[in-house]
1. How big is D for segment 295-448, in µm² s⁻¹ as a whole number, if Stokes-Einstein is applied with the Kirkwood radius of its Cα pairs at 10 °C and 1.306 mPa s?
2. Within 12 Å, Cβ to Cβ, of residue 62, how many net charges do the neighbouring residues add up to if Lys/Arg are +1 and Asp/Glu are -1?
3. Across segment 327-344, in residue order, what do the Karplus-derived ³J(HN,Hα) couplings come to in whole Hz, using 6.51 cos²θ - 1.76 cosθ + 1.60 with θ = phi - 60° and x for Gly and Pro?
4. So for 438, 308, fewest C-beta neighbours within 10 Å to most, what's the order?
5. May I ask you to derive the FRET efficiency for residue 431 and residue 83 from their Cβ-Cβ distance with R0 = 30 Å, giving the value to the nearest 0.05?
6. What range in the chain is the longest one free of chymotrypsin sites (Phe, Trp or Tyr not before Pro) that are in a loop by DSSP and have at most 14 other Cβ atoms within 10 angstrom?
7. Over 32 Å between Cα atoms, which of 83/224; 63/329; 325/380; 220/321; 85/224 qualify?
Amino acid sequence: MVLMAFQKSVSFWQAVTYGVGVIVGTGIYTLIGIGAGISGNLLWLSFIIAGIIASLTALSYAKLSSLFAKESAESFYAQKAFKSKKISFLVGFLSLIVWVFSGATVAWGLAAYAKALTPIDPLFITIGAIIFLSIINLLGIQKSIFVNNILTFITLLGLIAIILFGLPYLGQTNLLEGIDGTNLIENSFSLSNTLFSTASLIFFAFLGFEGLINISEETKNPKKNIPKAILLSLFLVTILYVLISMVAVSVALPEELYNAALSSSTHSGPLALVAEKVISQSAGILLTLIAFCAISSTLIVILNVASRILYGLSKQDLAPKIFEKLNSKTNTPWIAIFSITILTCLIALIGNIELLGSLCTMGIFLLFGIINISVIIIEKEFNPFETKSLINKNNIAPILGTIFCFFMLFTQYWKTISIFGIDLPLIAILVITLIIGRILYFFFVDRK
């Protein structure tokens, strides 16, 4: 079987728009409400904490993508750092699972806004969105980016409108108070756990910048453009998030935002609620439509990236070769896209957006921690004379990134959930996932 190669057609600004499109979505349109219910008016500070952690890891991704341009890049980076095919497979598998859970979370985000427009069961909307946007991905990367660019433009207009109309409300609410009215200045230590708990959840809102590396083989001059696109898209989104979160808690009570984020609520979504308060009732409906664009923009890129990860694992002989097959007309990995669609639909059956978001961010903290460690090791290999030890000034960012990621991983995921009548902490689900990955490695790699 003759395998085709991707065409390099994605420009720098297309990559930036692509990155902004995948980052801005469910996190800001839905999880902002749940985050407000945890941290209250201090939501903006949790966004800053999450943004700092994301930025440290973004620097690591930028460094690695400047050295290598590969699909399924995380597994490739792990292979370069640890020289272990087993670790490489587990990292690639973890990356794939994170993106699938992310896709399911984003798809359920549609339900929080759909209830204002249609009585259709939220599950049908969730599954339908996954299937429909996967079909768009089958049409090719340029068509996906074209649709994504339009949706991203509409999305940003909606958020900017909320900020502009909401600016007069700033100052009417104490932005230094937690959910129970506790003041940050007087009780900074006691509020820190709440802030980090919120940051661990809304960190989901920053996911996506790492997805840019998985379109490296389709990007012009990727070793230059991908690192720049990662950092610029994350910087722009962080500013946007902080402003929108300040406005949201200034306009509506945190409890109102939280209730509006739940699919069982009668509200049409947290930011639609804000639009109703600062503009008009009809503006809330318009914001609901814009939220559809935002979430669809995120979902189309997530599904696209997940299929590229599976394609990349196949190219590295870490998954069956059938996933490497490209459609001769659209130049897309159609079998990988079809498989990701089915898997995402199955995961979406969990049905709890807060649980799905927590499972996703838990996996991403482990993945980001490994990537930061990989940078430290690879930096020493590429600069053996400048980097005499693993800890040096060149590795400050990845060292801090590693510390923050593992701190979040081992402190924020002990909440228990019931599975088949057994109560397990969330972190146990991560362990089970890695065990499943090890079993798959035995069948698909060890036995070759």
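Only the coordinates and a few stated rules stand behind these numbers; no lab work does. Computed from a predicted structure; not experimentally measured. All Cβ positions, glycine included, derive from the backbone under ideal geometry; neighbour counts span all protein chains shown.
1. D, rounded to a whole number, is 87 µm²/s.
2. +3
3. 6, 5, 8, 9, 6, 10, x, 5, 5, 5, 5, 4, 5, 5, 4, 4, 5, 5
4. By the 10 Å Cβ count, ascending: 438, 308.
5. The value I calculate is 0.80.
6. 1-384
7. Violating the 32 Å Cα-Cα cut-off are 63/329; 325/380.
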